[in-house]
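Remarks on the structure that follows.
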Amino acid sequence: MGDVGSKIETYYSERLREHGPTPRGVDWNSSESQELRFDQLLRALPDGPATLLDYGCGYGALVPYLHERRPDVRYVGYDLSRSMIEAARELHPGATFISDPAHLERADVVVASGIFSVKRDVSNDDWEIYIFDTLDRIAELAKQAFSFNMLTAYSDPDRMRPDLYYADPHRMFDWCRTRYSRWVAMLHDYGLYEFATIVRRHAA
């Protein structure tokens, strides 16, 4: 992931310096859209106590949102950007945040919000390699389920940007079902130009 990972880390560290620990700091338009995404991704959680790994956690916006709704879930956040991790630790001193992927442990559920959208000047081919390598890693870390979101290729053409990656939902569904599990759900109906995918290890 080398060069692509470095570009991601640099980009989001710059966004954090520019906008601070806010939705704009992780490239979301508003806290409302950010929380709408969380709603979809957290559908992967089982009933009852669980562990959750927030893969690409940014400044930890999911922490208060999760604790308010699911206090029985133990949270760990991971991000490539050390600046994001430092901000997250300062904002949420009671949560665990990790910047070294070697220290990650498996969790019941892994969620990834927004990590596949901003490709900048990376070619689509190289970006897709990064996506599929990252999904393989997320799948390895997830005991019960994982979820992620992506911008949709069904976005309005006049609103699509060259620095963003728009995925084909059919292709992603087939990839996940073939590679990870028979039990895949795709949500493409929550009012944003994106879709969320939930992959379960076992039938719900």
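Whole-Hz Karplus values for segment 143-152 come out as 7, 10, 6, 9, 9, 7, 10, 8, 5, 9 Hz, taken residue by residue from phi with 6.51 cos²θ - 1.76 cosθ + 1.60 and θ = phi - 60°; glycine and proline positions read x. Note on Ala203 and Glu35: their simple-model spin labels are 3.6 nm apart, each label 7 Å out from Cα toward Cβ.
As a length-normalised measure over Cα pairs under 8 Å and 6 or more apart, the relative contact order of the chain settles at 20 percent. The local environment of Leu91, defined by Cβ-Cβ distances under 14 Å, has a net charge of -3 under the rule Lys, Arg +1 and Asp, Glu -1. Evaluated on the chain, the Kirkwood hydrodynamic radius is 17.0 Å, with distances taken between all distinct Cα atoms.
The string of couplings for segment 43-55 from the Karplus curve (6.51, -1.76, 1.60, θ = phi - 60°) is 5, 6, 5, x, 5, x, x, 7, 10, 10, 10, 8, 8 Hz, one whole number per residue in order, with x for Gly and Pro. Shown for the chain: the carbon plus sulfur share of the solvent-accessible area, taken with all protein chains present and a 1.4 angstrom probe, equals 48%. Taking only the C-alpha atoms of segment 43-154, Rg followed by Dmax gives 14.1, 43 Å. For the chain, the solvent-accessible area works out to 50 Å² per residue, with a probe of 1.4 Å and every protein chain left in place. Compactness of segment 156-204, taken as the C-alpha radius of gyration over 2.2 N^0.38 Å, stands at 1.34.
Mean residue ellipticity at 222 nm, helices only, the chain: -11500 deg cm²/dmol; runs of at least 4 DSSP H residues each add -39,500 (n - 2.57), and the sum is divided by the number of residues. Normalised by the number of residues in segment 90-203, the average gap of Cα pairs under 8 Å and 6 or more apart makes the relative contact order 27 percent. Scoring 74-85, 171-182, 59-70 by mean Cβ neighbours within 10 Å over their residues and listing the highest first yields 74-85, 59-70, 171-182.
The values are calculated or read from the model by the stated rules, or taken from the named source; none is laboratory data. Model, not experiment: these values are computed from the prediction. In this analysis, Cβ positions are derived from the backbone assuming ideal geometry, glycine residues included, and neighbour counts consider all displayed protein chains. Please note that ligands, DNA and RNA were not included when accessible areas were found on the heavy atoms of the full protein model with its side chains. Shrake-Rupley method; radii C 1.70, N 1.55, O 1.52, S 1.80 Å.
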